[in-house]
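Written below as structure tokens is the structure these notes are about.
The values are calculated or read from the model by the stated rules, or taken from the named source; none is laboratory data. Predicted model, so just to flag it, every value in this text is computed and none were measured. Glycine also receives a Cβ, built like all others from the backbone with ideal geometry; neighbour counts cover every protein chain displayed. Ligands, DNA and RNA are excluded from the accessible area calculation, which covers all protein heavy atoms including side chains. Shrake-Rupley method; radii C 1.70, N 1.55, O 1.52, S 1.80 Å.
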Amino acid sequence: MLDGLDPEQREVALALNGPVCVLAGAGTGKTRALTHRIAYGVRAGILQPASVLAVTFTNRAAGEMRGRLRQLGAGGVQARTFHSAALRQLQFFWPKAVGGELPRLLERKVQLVAEAAARCRIRLDRNELRDVTGEIEWAKVTQTVPADYPAVVAKSLRDAPRDPAEIGQIYAMYEQLKRDRSVIDFEDVLLLTVGILQDRHDIADQIRRQYQHFVVDEYQDVSPLQQRLLDLWLGDRDNLCVVGDAGQTIYSFTGATPDHLLNFRTRHPGATVVKLVRDYRSTPQVVHLANGLLGQARGRAAEHRLELISQRDPGPEPVYTEYADEPAEAEGTARRIRDLIAAGVPAGEIAVLYRINAQSEVYEQALADAGVPYQLRGAERFFERQEVREAGVALRGAARAGGNDPLLDDSEDLPAQVRAVLSTKGWTTEPPAGSGAVRDRWESLAALVRLAEDFARAKPGATLSDLVAELDERAAAQHAPTVQGVTLASLHAAKGLEWDAVFLVGLTEGMLPITYAKTDEQIEEERRLLYVGVTRARVHLTLSWALSRSPGGRANRRPSRFLQGLRPGSGSLGPVGSGGASGSVERGSGLRRRGPRGPVLCRVCGATLTEAGAMKLMRCEDCPSDMDEGLYERLRDWRSEQARQLGQPAYCVFTDKTLMAIAERVPATDGELASISGVGVRKLDRFGAAVLAICAGEEGGTDGDED
Ligand code: ATP
Ligand code: MG
């Protein structure tokens with residue numbers, strides 16, 4: 001167990017009693033030291049698995065931790081988020097502490113906040129609504145009650161999105177509405193648990209008897225409320241091990257602060273403090289950039305920075321690419337990803353990371369157009385998703401009914417049976433058009449179908465009941481089916497994770513730092529966000545930005561200030577081992593094979609188009625379509641057949657939007673077909689003749705080349 005650790009990491013693993021604090025940069029093996037420490041203690045018989053509580057911040061990270069613990073032979077240890085640990089305790093103790101059932105948990109606040117604002121006769125637009133909701137969350141995790149909110153804002157020099165008195169009013173009304181409807185929100189889970197542990201010594205004692213050892217990963221992002229809960233769990237004991245990197249603090253906007261990490265020694269004078277500097281994750285090239293970025297950081301977190309030293313063999317230099325516009329950036333990224341996959345990098349080892357979720361759409365489209373599979377969300381809580389739970393119930397019912405289920409044909413193989421059952425839950429052979437909730441739901445069901453296919457392949461002759469048992473086991477182990485696709489994720493969601501190849505996209509002023517980051521602290525947090533992104537890459541790292549939003553638009557964007565001095569040609573830092581800046585920024589824009597430039601106008605109403613989907617259709621999405629429906633149907637049939645032959649999802653042949661655009665424009669020549677977005681050079685070679693034949697009315701068309 002200890003062999004896989006370096007001397008400092010081993011020190012962490014061996015310090016099983018008393019407070020321990022690990023302060024270290026990205027990729028230095030903090031999470032590894034922490035999981036090995038638990039596993040070592042359990043296997044050596046020093047720690048009782050059930051007496052250990054490991055906490056982290058995202059469901060995905062908690063799942064990852066459980067996986068690592070299981071592999072190390074310490075599967076019985078609880079690894080949870082603060083929230084899920086608290087929720088479990090709350091559910092358990094509520095009847096005793098309060099009586100009755102725990103109120104329902106509100107999934108999303110926004111709607112109720114909107115209602116509260118309306119009752120207060122305060123009009124909020126969509127952005128204000130989002131910001132006010134964020135303020136309420138901040139107030140709650142900093143344990144500020146509505147009446148105190150305006151004063152606390154004034155004191156903390158906080159930049160409130162509206163008049164603080166108004167926000168205080170909305171906040172109070174929101175709390176009132178929750179009480180009236182007997183619901184609680186995400187923060188209430190922690191607040192109520194803290195309340196119960198404070199008031200009820202018998203319950204606090206019971207929890208303390210159960211948990212003797214606590215470990216916290218990503219401790220730099222602990223909020224005051226979470227810290228309060230941790231203190232209550234601990235009581236007067238100090239069997240606590242925390243690990244973190246102040247340089248990766250990215251949740252201060254929610255009230256989190258690295259102070260608890262940095263002041264750990266002061267609070268626990270006897271603490272063992274360990275620093276790790278060997279970076280096992282990334283190549284010297286990636287580490288060099290990470291160090292350079294951190295070198296420019298300011299503020300308290302930055303004072304504690306540690307220069308990372310890569311332990312890996314050298315790899316390629318980070319690539320910087322400037323594109324003319326966003327769709328070009330997405331297409332260029334997709335092309336590079338395809339090349340990497342062709343060169344042997346598995347799709348599951350590649351990630352595209354962006355600042356805000358809304359940026360995903362254009363990348364989804366570009367990857368789909370390039371025939372690259374992708375997954376939009378992480379594997380977190382797969383089995384907890386509504387649609388997956390519903391699918392589980394349906395599969396279980398069908399398995400129980402055995403041969404008596406009218407839906408099922410016993411002579412069919414397992415995957416076919418699963419497809420039949422899931423089609424009652426919304427699964428279809430082809431994905432629904434567009435992104436959003438419907439698509440998310442479909443992706444989950446499709447992942448279950450893939451899981452059934454893999455399972456049947458691994459266990460020929462397996463029955464539906466066997467599959468249901470397998471699903472239960474996986475759900476218990478929180479093991480989502482591995483989706484072998486490129487990950488699309490926000491920088492926040494990427495925390496703690498790693499990939500062979502990482503694409504950091506949209507690195508412009510206004511996006512990173514994001515427009516609403518105004519104060520110095522907010523700007524520093526944005527810089528740390530980029531640091532988190534850079535340090536996710538093991539080998540390949542690509543940083544890109546686009547000068548305008550849409551093709552032909554004004555090139556009024558500038559690359560992120562954080563790249564100043566780091567990207568070649570902008571200052572002093574060059575490649576590893578070189579004295580100064582060298583190399584160059586690639587120009588991705590010239591790669592675009594598209595007709596003459598100019599704004600893309602709607603074919604129907606003439607408006608300038610800005611949305612990716614609309615640009616693809618070359619008309620506003622709600623302008624009437626002049627599509628030849630019959631042709632569209634014929635193209636879809638042809639696509640289904642192609643997809644079947646290639647063994648790929650249909651959208652890898654052409655997306656619905658591209659097919660629609662083809663059916664609207666009815667191209668007669670290669671050139672006309674190529675001018676449609678989503679028809680790249682490769683697809684033109686492969687499918688061009690067939691598509692043109694269908695458009696020309698030659699029934700069925702000819703088959704595309706098999707290659
Ligand atoms: P982050 O700050 O991003 O959360 P971290 O410090 O938690 O990073 P880990 O994820 O634990 O880092 O480790 C980074 C990578 O380095 C992992 O792939 C891990 O397995 C590997 N690694 C860590 N320590 C060692 C070691 N001593 N020997 C070999 N590989 C190691
Ligand atoms: Mg980690």
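Listing for the model above:
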| quantity | calculated |
| --- | --- |
| Members of region 29-72 that are within 13 Å of ligand 2 (Cβ to nearest atom), of a type in the set (S, T, Y) and either under 17 Å from Y211 (Cα atoms) or more than 21 Å from the chain's Cα centre (by Cα) (or both) | T35, T56 |
| Every residue from region 633-653 that is surrounded by 15 or more Cβ atoms within 10 Å (Cβ to Cβ) and in a loop (DSSP other than H, G, I, E, B) | P649, V653 |
| Hits in region 110-127 (condition: at pLDDT below 90 and either within 10 Å of I170 (Cβ to Cβ) or open to solvent by less than 20 Å² (accessible area, probe 1.4 Å) (or both)) | L124 |
| Within region 278-291, considering residues that are closer than 11 Å to I309 by Cβ and away from ligand 2 (no atom under 15 Å from the Cβ), the one least open to solvent (accessible area, probe 1.4 Å) | V287 |
| All positions within region 68-88 that are of a type outside the set (S, T, N, Q) and surrounded by fewer than 17 Cβ atoms within 10 Å (Cβ to Cβ) | G73, G75, G76, R88 |
| Members of region 240-275 that are open to solvent by 40 Å² or more (accessible area, probe 1.4 Å) and within 14 Å of ligand 2 (Cβ to nearest atom) | none |
| Any chance E8 is among the acidic types (D, E), within 16 Å of ligand 2 (Cβ to nearest atom), touching a residue at least 12 places away in the same chain (Cβ under 8 Å) and surrounded by fewer than 22 Cβ atoms within 10 Å (Cβ to Cβ) | yes |
| Close pairs from region 16-27: first on the phi > 0 side of the Ramachandran plot, partner hydroxyl-bearing (S, T, Y) and at pLDDT 95 or above, Cβ under 6 Å, at least 6 apart | G27/S282; G27/T535 |
| Tally, over region 472-505, of residues that are modelled with pLDDT under 85 and aliphatic (A, V, I, L, M) | 5 |
| Conditions (1) in contact (Cβ under 8 Å) with a residue 12 or more places away in the chain; (2) surrounded by 17 or more Cβ atoms within 10 Å (Cβ to Cβ); (3) within 30 Å of K518 (Cβ to Cβ); number of the one not met by G134 | (2) |
| Flag if A256 is part of a helix (DSSP H, G or I) and under 27 Å from the mean Cα position of the chain (by Cα) | no |
| Helices (runs of 4 or more DSSP H) wholly inside region 1-119 that include at least 1 residues being within 26 Å of A537 (Cα to Cα) | 7-14, 30-43, 59-71 |
| Of all residues in region 540-552 being open to solvent by less than 30 Å² (accessible area, probe 1.4 Å) and part of a strand (DSSP E or B), the one that is modelled with the lowest pLDDT | S548 |
| Members of region 292-319 found to be more than 19 Å from A246 (Cβ to Cβ) and crowded, with 22+ Cβ neighbours inside 10 Å, listed by number | S310, P318 |
| Condition met for A456 (in a helix (DSSP H, G or I), without any contact (Cβ under 8 Å) to a residue 60 or more places away in the chain and surrounded by fewer than 15 Cβ atoms within 10 Å (Cβ to Cβ)) | no |
| From V243, V222, V216, residue being within 14 Å of ligand 1 (Cβ to nearest atom), of a type outside the set (D, E, K, R), in the same structural domain as F57 (by TED's automatic domain parsing) and under 22 Å from R88 (Cα atoms) | V216 |
| Whichever residue in region 143-168 is assigned to a loop (DSSP other than H, G, I, E, B) and not polar (S, T, N, Q) and, among such residues, is modelled with the lowest pLDDT | L157 |
| Some residue of region 502-511 being within 16 Å of ligand 2 (Cβ to nearest atom) and in contact with a Lys or Arg (Cβ under 6 Å, 6 or more places away or on another chain) | yes |
| Residue ID - most open to solvent (accessible area, probe 1.4 Å), chosen from residues in region 44-67 that are in contact with a Leu (Cβ under 8 Å, 6 or more places away or on another chain) and away from ligand 1 (no atom under 15 Å from the Cβ) | I46 |
| In region 491-504, residue nearest to ligand 1 (Cβ to nearest atom) [restricted to those that are over 18 Å from V539 (Cβ atoms) and part of a loop (DSSP other than H, G, I, E, B)] | G496 |
| Conditions (1) open to solvent by 10 Å² or more (accessible area, probe 1.4 Å); (2) touching a strand residue (DSSP E or B) at 6+ places or on another chain (Cβ under 7 Å); (3) within 13 Å of ligand 1 (Cβ to nearest atom): number failed by A24 | (1) |
